[in-house]
Every structure is written in structure tokens, then in C-alpha cells.
Amino acid sequence: MVKFAVKILISGVLLLLILYKVNLNHLKQMMLKIGVCEFLALSLLYLTAQAISSVRWSWVIESLGKKVSPLLLFKLYLMGMFANLFLPSTIGGDTIKGYIVSKSIGIRRAVSSIFLERYNGLLTLLLLSLVSSLLFIKLFGFKVVLIIVAVNISALLSLYLLRFVKHEKVKNFYEDIKTFHKSKMFIPVTALSFVVQIINIVIYILAGERLGIHIQPAYYFAFIPIITLISFLPISFNGIGVREFSFVYFFKMANLTPTESISLSLTVFFVVVFTSLFGGVFYINNERVIREAKSFRTGT
């Protein structure tokens, strides 16, 4: 609970600092530009990305020698989103997903499949950022491109260094990683990852256009991946505050004001919150799953 309280505190402080820089009336006016139909359309697009991700996850599991229905995995995706946003910090989305999937494929493959599915998506996201920055290097400047290249190299290197860890569980985990990369599913999974990440970036582009933000799409492709990576850092509650600060910092290079950057970040965040509520439906009268998931987390 202490860690959870600290994360809440960090998010709260960061949000207060951000709001101090933002014109709240202008922010409200910008946010109101997103009508109900536009919001629902963005939410449907986001759900589509999650459905494709579910197929991708099922292919990762297949590469490890098991099979799980993409429909079940789609439900788990929504449950994971709901858990990350609305359940106590001791019950993360990955814990719920890992617990339920482990019933079909075992704990080791459940954990490996979740990591591989996420990591594959992250690498494709970073690669999109790298390609965009290199194609438009005059737009971003050498410093930004160098940062993006360094992040890509670090991501690849961190995976490679696992081979030198002698711990038995890590060795087994690395064997699953090699199995996945050698399987026939690696290329199809990577292709789906590109589709998912492009859809997620397009959501930001469409939201930006509706908010009256007219910048080159290259900025989105270069900055969204890096912001997403920074938001994963476990120093705040669900990335809140850290994500908004990152939007202000990076999109300042696209000549956006703090108010414009925050409106863009919040719009897509509200889309994620709304779609995650569908996952809450699966928790109705399902306290046992949450209780057992705690045990699963402790056991791993």
C-alpha cells in the first residue's frame, strides 16, 4: 500500500504542476470539440486494436506449443485494462491475465507469452519511431534522432543480456524467447504488432485533428512510442502525470502549447478509460478470481 500511495502522490503532484501551466478554460474548450460520436468512433478503433492484439497473443502462445481462444484473450485484455485502472495496485492487469491463462498453458508459458506479446509490440512501436525520425531527420534534428536510436538499441540489448543470467527461471524464460523467435509465428505476430501500433498512433492523429491540432503525422510516429515507453516506468499511478509531462516536453518540438499537448493526452486517456469499463463487466460476481489472482501473484 505504501508504494501505491507514493505513486498516487507522484501522479497528483505532477498533475498539479501541469495544471499550473495550462489554461483551464482553453483546455475545456478544446476537450469539448470531441463530440459523442467522435469519442465513440475513437473508442471503437481502440477496441479494434485490442481485438487484433488478442489474436497476436494467441499466436505467441501457439509458438510456445499451446493454444488459447483469441476470444478468451480479448476478454482478458479488457479485464487487464480494467484492473490496471480501477483495482488495487496488488492486482495488476498482467496478474489477472497470467492467472487465468496459466490454467490452460501453465505458469511458465503464461508469463512468457504475456512478456513476448508486449515486448514484440514495444519493439515494433520503437521501430516505427526510428523510421519516422530517420525519414524526417531535418524535422526533428540530430539530438532527437540520437535519443530514439539509443532507446531502440537499449531495448534490443536488454533482451540479449538475459542469456547471461544464470537463474533457472530466467534461463527457462530465455528459452521461451528463443523458441518464439525461431517459430513460424514470429513474422505474423510482428506484422500484427505493426498494425496495432499504427492504429494506436492513428487514434492520436484523429483526436488531434478533431481538437484543432494540425501538425505533421511524423511527430506522432516519432514521439508517441517514446512517450508510451516512459509511461511504463513504475513511478506513478498508471503513468498519469508522467505521460502528460512527456506530451508537453516532446510536442513542444512540434510547436504545441502545454494546453494543446495535455488535451491530446487526456482525450486518448479518456478513450482508454471508457473502453476499459467493458472489462469491469467480467468482474461482476467474480470476487473469487480476484482473490485467487492475488495468490497467483504471490506464488510467482
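More than 19 Å from the chain's Cα centre (by Cα) and at pLDDT below 85: is that true of Lys66 in this structure? It is false that Lys66 is more than 19 Å from the chain's Cα centre (by Cα) and at pLDDT below 85. Among residues of segment 241-256 that are farther than 23 Å from Ile10 by Cα, those with a beta-carbon under 6 Å from a residue that is in a helix (DSSP H, G or I) at least six positions away or on a different chain give the pairs Ala254/Tyr219.
Scanning segment 1-33 for residues that are surrounded by fewer than 12 Cβ atoms within 10 Å (Cβ to Cβ), modelled with pLDDT of 75 or more, in a helix (DSSP H, G or I) and among the aliphatic types (A, V, I, L, M) yields Leu16, Leu24.
Exactly one residue among Ile240, Ile230, Ile226 is surrounded by fewer than 22 Cβ atoms within 10 Å (Cβ to Cβ), of a type outside the set (Phe, Trp, Tyr) and assigned to a loop (DSSP other than H, G, I, E, B), and that residue is Ile240.
Across segment 34-50, the qualifying residues are those that are of a type outside the set (A, V, I, L, M, F, W, C) and farther than 15 Å from Val195 by Cα, and the one among them that is surrounded by the fewest Cβ atoms within 10 Å (Cβ to Cβ) is Gly35.
Among the numbered conditions (1) of a type in the set (Asp, Glu); (2) touching a helix residue (DSSP H, G or I) at 6+ places or on another chain (Cβ under 9 Å); (3) modelled with pLDDT of 90 or more, the only one that Asp176 does not meet is (3).
A count restricted to segment 192-209 and to residues that are closer than 11 Å to Leu42 by Cα and over 15 Å from the mean Cα position of the chain (by Cα) stands at 3. Residue check: Asn255 meets all listed conditions (1) at positive phi; (2) crowded, with 19+ Cβ neighbours inside 10 Å but one, namely (2).
Please enumerate the residues belonging to segment 103-116 that are polar (S, T, N, Q) and buried (at least 19 other Cβ atoms within 10 Å of the Cβ). Of everything in segment 103-116, those that are polar (S, T, N, Q) and buried (at least 19 other Cβ atoms within 10 Å of the Cβ) turn out to be Ser112, Ser113.
Only one of the listed residues (Ser154, Ser133, Ser102, Ser129) is of a type in the set (S, T, N, Q) and closer than 22 Å to Phe282 by Cβ. That residue is Ser102.
Go through segment 158-173 and give me each residue that's of a type outside the set (Asp, Glu) and either in contact (Cβ under 8 Å) with a residue 60 or more places away in the chain or within 12 Å of Arg108 (Cβ to Cβ) (or both).
Lys169, Val170, Lys171, Asn172, Phe173
In segment 259-275, the residues that are over 18 Å from Leu19 (Cα atoms) form Cβ pairs under 6 Å with partners that are part of a helix (DSSP H, G or I), at six or more places apart or across chains, as follows: Val271/Leu42; Val271/Ser43; Val271/Tyr46; Phe274/Ser43; Thr275/Ser43; Thr275/Tyr46; Thr275/Leu47.
Residues are listed down the side, and each one gets a yes or a no for (1) buried (at least 20 other Cβ atoms within 10 Å of the Cβ); (2) touching a residue at least 24 places away in the same chain (Cβ under 8 Å); (3) touching a helix residue (DSSP H, G or I) at 6+ places or on another chain (Cβ under 8 Å):
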position: Ile100; (1), (2), (3): yes, yes, yes
position: Tyr119; (1), (2), (3): no, yes, yes
position: Thr124; (1), (2), (3): yes, yes, yes
position: Leu128; (1), (2), (3): yes, yes, yes
position: Phe136; (1), (2), (3): no, yes, yes
position: Ile153; (1), (2), (3): no, no, no
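The values are calculated or read from the model by the stated rules, or taken from the named source; none is laboratory data. Here the structure is a predicted model, which is why all the values come from computation and not from measurement. Don't worry about glycine lacking a Cβ; one is built from the backbone with ideal geometry, like all the others, and counts go over all protein chains shown.
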